[in-house]
Structure formats: C-alpha cells, structure tokens
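One structure is given here, and the rest of the page talks about it.
Values in this text are rule-based calculations from the coordinates and carry no lab data. None of the values given here were measured: they were computed from a predicted structure. Note that we place each Cβ from the backbone using ideal geometry, even for glycine, and neighbour counts take in every protein chain shown.
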Amino acid sequence: MRRMYLSFCAALAFLPAVAVQATAEPVHAIAMQGEPALQDGFRSFPYANPDAPKGGDITHCVVGSFDNLNPFIIKSLRTTARGMIDTIFGNLVFEPLMQRSADEAFSLYGLLAKTADMPADRSSIEFHLDPNAKWSDGKPITPEDVLFTYEVYTEKGRPPYSDRMKRVEKLEKTGERSVRFTFNDKADREFPLIIAMTPILPKHAFDKDTFDQTTLKPLIGSGPYRVAQVVPGQRIIFERNPDYWARNIPAKRGFDNFDRITIEYFLNANAQFEAFKKGICSTFAEADPVKRERSFDFPALKSGKVIAETFETGLPPVVTGFLFNTRLPKFSDPVVRRALAMLYDFEWANKNMFAGQYQRTASYWQGSELSALGQPASAVETALLAPFPGKVLPEVMDGTYKPPVTDGSGRDRKVLKAAFELLKSAGYSLQNGRMIGPDGQPFGFEILTASQSEERLAALYQRTLQKIGIEVVIRALEADQIQARKQRFDFEVLIGTTGFQGTLSPGIELIFRWGSESANTEGSFNLAGVADPAVDAMIDAMLNARDKEAYVAAVRALDRLLISGAYIVPMQHNTQQFLAYWSDLAHPAKTPIFGYQLPTWWHKAE
C-alpha cells in the first residue's frame with residue numbers, strides 16, 4: 001500500500017521541489033521547512049539567558065515509580081527514571097547529534113555533531129562530530145559510538161529506535177570524526193532530522209548482550225549531568241558535570257544551570273501537591289483551574305515565597321480525552337465510536353468543573369493552519385483522500401463540522417436522542433433500559449483512571465452514558481499499574497492523550513501514534529490501535545511533502561480522518577501553561593513557542 005500510494009503521489013503535480021540548505025559546505029543547523037532562524041555564530045537560543053548563574057538545587061516531583069535507568073529498551077519502558085532523556089526536565093544524561101530549538105517549528109542546531117551536510121534530495125546526511133565532544137568519563141565521542149548506537153538499537157532497542165535502520169541503506173564512518181547515513185526508499189524528507197535527534201550511546205560503556213535488561217546502575221552519557229544517587233521507585237539525583245564538554249556551545253549556553261537536580265516520586269497528585277507546599281518540590285504544574293482556585297491559598301503563596309505564573313505557548317493543544325481500544329470488537333465500528341463521542345457533556349463540565357475557563361477540543365491541530373476545523377478541503381486534500389471514499393464525514397470534509405453543543409444541564413435530550421439514533425443505525429437497541437448490541441449482549445465498558453480529577457471526568461461521562469442504557473465501570477489504578485496496562489494494551493477505555501505535546505511540525509512520530517505498523521507493537525504510543533490504510537497514506541504524504549502547501553494539505557487531510565474516525569472523545573483544553581514555583585528560582589524573560597523550558601531556569605543568588 002505504501003509503495004502504491006507514493007506512486008500515486010508522484011503522479012500528481014502538486015509536489016514541486018523546493019530548495020533546501022546548500023550542501024557545498026557543512027552547515028551549523030538544518031530545518032524541516034525553509035531555513036533555520038539563527039545564523040552561524042549565534043550566542044545562544046533567544047529563550048535562554050547566556051549569563052544565567054550556575055549553582056543551587058532544584059527538585060522536580062512526579063507521580064509514579066521507576067525501576068530502570070535505560071530509556072531505550074522495552075522492559076520497564078513506562079517506568080524508566082525521568083531525566084535520563086526527558087522532554088520536560090531535559091536530556092540530562094543522553095544527548096542527540098543535534099539540538100532542537102524550542103522557538104522554531106522544527107530546526108536543529110549543532111550539538112554532538114558540530115556541523116552536518118545534506119543534499120537537496122535528502123537522500124543522505126553526514127555528521128561531523130565536535131572534536132571536543134566527550135562522554136562523562138572523559139573518553140572522546142567517536143563515529144564508532146554512532147555505529148554502535150544504531151547496531152544495539154536495532155538488535156535490542158525499543159521502538160521507535162529499533163526501527164531506524166529499516167530506512168537506512170548504509171551507515172559508514174567517513175572520517176576521523178565523521179559518519180554518513182545513506183537512506184533507502186523507505187525514508188522520507190523528515191528522516192534525516194529524526195536521525196539527528198536520536199540519542200547516542202557510548203560503545204565502551206554498554207554490553208550489547210545485556211542491553212535489553214533493566215538496570216539501576218548509573219549509566220555513562222554525554223549530557224550535562226551524571227547520576228549521583230538512586231533510591232529505586234522513590235528518588236533519583238543528578239549532579240552537574242563540571243567538565244561537561246558542551247557548556248559553552250551556542251545551543252547549550254544558558255542551559256543546565258543547577259548543580260543538583262532531584263526527581264522525587266509520589267503515589268498520587270495529592271501527596272505531590274502537599275510536598276510542594278512544604279518546599280520539598282520546587283515546581284508544581286496544575287492544569288485544572290478550579291483546583292488552582294481552591295487549593296492555591298496556602299501561606300507560602302500569600303507571602304510571596306511561592307510564585308504562580310501562566311505562560312503562553314504557540315502550539316496546538318494536546319488532545320486529551322476518553323481513548324477507545326479499537327482492537328476490541330466493541331469499539332471496531334467508527335459509527336459506534338462517533339455516537340459515544342457525542343455523549344461527553346463539555347458544556348456541563350466547563351461550567352461546573354472548570355469555571356468556564358476551557359475550550360472544547362475538536363481538532364488534533366486546533367488553532368493552527370494545520371487544523372481542518374472551519375476549512376473546506378482543498379483540491380490537494382481532495383486528491384489525497386480520493387482513494388479512500390467514505391472515510392471522512394461530509395461535514396468534516398466541507399469544514400462545517402463542530403462537536404455537539406448541549407444546553408449545559410447535564411440531561412440534554414436532543415444530544416442523547418441523536419447519539420441513540422446513530423447507535424440504532426449500527427444495529428443497537430434499547431431493551432429494558434439496557435443498550436443491547438448486534439450480538440444480543442448488553443453494551444458497556446470499563447474506564448481506567450489514575451487520579452481523582454480523571455475519576456470526576458469519568459463519572460460525568462458515566463452518568464450521561466447510563467441515560468441511554470450503557471453501563472460504565474470506573475476502575476482507579478495507581479500510575480504504574482496504568483502504565484503497565486498501556487504497554488500491553490490491556491484496557492477498554494482510558495483517559496489519555498495522543499502524544500506528549502502539541503506540535504506545528506508533526507512528523508515521523510505520527511507513525512508510532514497512529515500508524516498501522518505500530519498498532520500491535522508492544523510499548524508503542526498507538527494506544528487506540530489505529531490500523532487504517534488511509535491514515536498511513538496521509539502520514540506518508542506529509543513526510544514526503546516538498547513544499548508547505550503539500551505539507552499543510554496532508555496534515556489537514558489526516559486531521560479529517562482522525563476526527564471522522566473518533567478514536568478518542570476529545571475533552572477540553574487551555575493553551576496557557578500554569579506553573580507554581582518557589583521564589584528562589586528564576587527563568588528567562590522570553591517564552592518560546594514550545595512553552596517554558598525548565599532546563600533554562602536557574603537558582604537566584606542569595
């Protein structure tokens with residue numbers, strides 16, 4: 001299907017070639033679309049303070065547990081200690097060849113690789129390692145380390161790292177400090193950047209034979225911190241490496257300012273919040289505005305010792321909602337899922353649970369040019385979707401789609417009736433107050449929850465579903481139990497997200513969230529089990545788009561498919577980030593489009 005679809009795309013005339021970075025000389029940065037914003041020789045990223053003082057401690061607190069320090073293996077994938085590689089706390093131990101800028105859609109700047117060169121067709125990329133790059137034990141980083149990394153990932157690693165070599169025709173050392181990846185026809189235009197973002201491992205510090213086994217032994221990396229102490233399941237402490245090789249390169253200047261970073265683990269969010277109020281935790285993020293209104297009145301906040309601040313981001317919101325396991329027969333019919341999606345009463349929830357401060361989520365790239373909301377399908381989108389008739393609802397195709405709006409009473413009969421009629425069209429009936437499926441069995445399901453706030457949302461959904469005879473059981477589990485169930489897809493419905501963070505540059509990660517090849521791969525993020533050739537085709541088109549028009553069209557077409565497929569019941573969002581922190585912390589004045597960046601914060605001098 002993939003080859004057939006790519007041939008179809010090639011036959012269309014809407015994918016003209018565009019210029020990319022010149023390849024005559026190695027470059028300091030690469031971008032997915034257009035050119036990087038910062039010229040060679042820039043001092044620091046604009047959202048970092050290059051003069052930030054070094055010193056002090058910070059303690060991050062999380063809910064859950066950990067039993068592993070190796071983030072690249074299947075075992076204990078979801079219970080690996082935070083911080084080893086981390087989108088929030090930073091890549092404290094392991095680093096990639098190039099560093100992503102949080103203030104651009106998708107641009108990478110030199111890190112382990114000082115420069116890179118890539119031809120216009122992106123058929124290969126060659127990285128030139130920084131001659132100063134060293135592991136935390138002082139040994140130099142070499143091309144052999146890069147080669148070993150991909151060898152061990154392929155043989156022993158977890159997805160997506162284990163799949164990288166499927167798109168590589170040849171990986172070779174090309175000089176004393178250079179390595180080149182030559183790609184095969186399975187690669188796409190984003191893939192060189194994915195290679196550049198892949199963490200690199202020290203060959204001398206890992207045993208390939210035991211790589212896939214969990215470990216609590218501190219690991220050697222190239223990052224700014226070393227593991228100083230491990231209390232399994234409770235605490236991990238990182239100490240800044242005073243000899244960190246990259247402390248003065250532009251992409252890291254102003255980062256990694258604390259001498260000591262501690263990550264404390266708690267059983268639940270209430271215990272975490274109490275620890276924050278006592279000063280054990282340095283920061284606390286709270287998404288629920290009602291909780292903030294009710295809970296943030298403690299003495300330290302009133303006295304100014306704790307600061308509560310909101311940060312504006314430029315990203316689409318993360319889609320959060322009730323996620324269906326479509327591997328199960330009861331959720332295999334999109335008509336049934338659409339009916340269930342109609343029954344989340346956002347208006348009641350926003351009024352009674354969120355003080356009216358939220359917006360309804362309806363698109364996977366809401367608020368950006370990538371969203372299909374309010375946009376009729378273009379000729380390019382129509383051509384992309386033509387081989388898959390009936391996959392997109394007419395109202396989604398013409399841009400008129402909106403989620404149902406209730407009267408906010410919690411018992412809006414018109415929405416209940418519309419959902420019931422949709423279920424009837426799929427062979428369901430109401431008998432003695434119970435919804436009966438086409439198989440003659442009562443229809444119902446279990447929702448897993450990991451916190452009190454999730455239980456409240458599940459209870460709201462449960463009440464509405466019961467009004468049309470659908471029985472829902474709510475099961476509260478600890479965070480580590482939820483993670484284990486996710487890893488083996490052992491659930492019916494859970495309150496989940498479609499990814500880590502909203503993005504203006506969706507790419508290869510969508511294969512692992514929505515692609516058929518990841519639907520049944522243990523540990524993948526395709527929790528819904530989506531396995532649809534149409535979705536695969538849109539991801540292919542997106543990854544191979546050669547200009548912005550084609551790229552936007554492919555993402556919008558994918559948005560239309562995901563909305564129509566109703567794999568998740570989207571709930572609500574607020575694009576502001578709220579963070580409370582103790583006043584001995586400081587952060588740069590500029591907030592990048594990805595939101596606040598904790599690795600750029602510092603401790604105020606006393």
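Close amide H contacts of ILE447 (hydrogens built in the peptide plane, cut-off under 5 Å, sequence separation of 5 or more or a different chain): VAL473, ILE474, ARG475.
Charging the Cβ of each Asp and Glu at -1 and of each Lys and Arg at +1, and nothing else, the dipole of segment 189-241 about its Cα centre rounds to 180 debye. Could you list, bin by bin from short to long, the percent of Cα-Cα pairs of segment 265-379 in 5 Å steps? With 5 Å bins starting at 0, P(r) equals 2, 8, 13, 14, 16, 15, 13, 9, 5, 3, 2, 0. Working note: 222 nm ellipticity from helices only, DSSP H runs with n ≥ 4, each -39,500 (n - 2.57), summed and divided by the residues of the chain, gives -7000 deg cm²/dmol to the nearest 500.
Annotation: peptides 243-249, 319-325, 229-235, ranked by per-residue average of other Cβ atoms within 10 Å with the highest first, follow the order 319-325, 243-249, 229-235. Loop-located GluC sites (Glu not before Pro) across segment 125-183 with a Cβ neighbour count of 11 or fewer within 10 Å are GLU176, with loop assigned by DSSP. In plain terms, if you count all Cα to Cα distances in segment 242-328 and split them into 10 Å steps from zero, the share in each step is 11, 29, 30, 23, 7, 0 percent.
Using a ≥ b ≥ c from the Cα gyration tensor of segment 177-260 (square roots of the eigenvalues), is it rounded, prolate or oblate, where a/c under 1.5 gives rounded and otherwise the larger of a/b and b/c decides, a/b for prolate? Because a/c hits 1.5 or more and a/b fails to exceed b/c, segment 177-260 counts as oblate.
Against the empirical curve 2.2 N^0.38 Å, the C-alpha radius of gyration of segment 313-392 lands at a ratio of 1.36. Sites listed here are GluC sites (Glu not before Pro) in segment 247-337 whose DSSP assignment is loop and whose Cβ has at most 10 other Cβ atoms within 10 Å, and the list is empty. Comparing ALA379, PHE298, PHE183 along the charge dipole axis of the chain, the residue lying farthest to the positive side is PHE298, per the Cβ-charge model.
Ellipsoid semi-axes for segment 336-443, based on the Cα gyration tensor and the rule √(5λ), read 28, 23, 10 Å when sorted largest first.
Taken one residue at a time, the phi angles of segment 451-457 give Karplus couplings (6.51, -1.76, 1.60, θ = phi - 60°) of 7, 5, 5, 5, 4, 5, 5 Hz. Gly and Pro are set to x. Out of every Cα-Cα pair that segment 547-606 contains, those further apart than 19 angstrom amount to 60 percent. Spherically averaged projected area of the convex hull of Cα atoms, the chain: 26.7 nm².
Short to long, the 5 Å bins of the Cα pair-distance histogram for segment 525-564 hold 6, 26, 28, 23, 12, 5, 1 percent of all pairs. In a solvent-free Debye calculation with one equal scatterer on each Cα, what is log10 I(q)/I(0) for segment 144-290 at q = 0.17 Å⁻¹, listed in the order of the q values? These q points yield log10 I(q)/I(0) values of -1.16. Each Lys and Arg Cβ is given +1 and each Asp and Glu Cβ -1; about its Cα centre, segment 53-137 then shows a dipole of about 260 debye. Here the 3J(HN,Hα) profile of segment 415-432, calculated from phi with Karplus coefficients 6.51, -1.76 and 1.60 at θ = phi - 60°, is 6, 4, 5, 5, 5, 5, 5, 5, 5, 4, 5, 9, x, 8, 8, 9, 10, 6 Hz, Gly and Pro shown as x.
In the chain, Cα pairs under 8 Å separated by at least six residues give a relative contact order of 21 percent. Residues TYR567, TYR596, arranged from fewest to most other Cβ atoms within 10 angstrom of their Cβ, appear as TYR596, TYR567. Which one, PHE443, THR521, ALA251, projects farthest toward the positive side of the charge dipole computed for the chain from Cβ point charges (K/R +1, D/E -1)? About the Cα centre, the residue reaching furthest to the positive side is PHE443. Among 556-566, 45-55, sorting by the average number of other beta carbon atoms lying within 10 angstrom of each residue, highest first, gives 556-566, 45-55.
Summing Cβ point charges (Lys, Arg +1; Asp, Glu -1) relative to the Cα centre of segment 468-606 gives a dipole of roughly 340 debye. Shown here are the Rg and Dmax of the Cα trace of segment 405-550, at 18.6, 58 Å.
Measuring between their Cα centroids, segment 124-177 and segment 527-544 lie 28 Å from each other.
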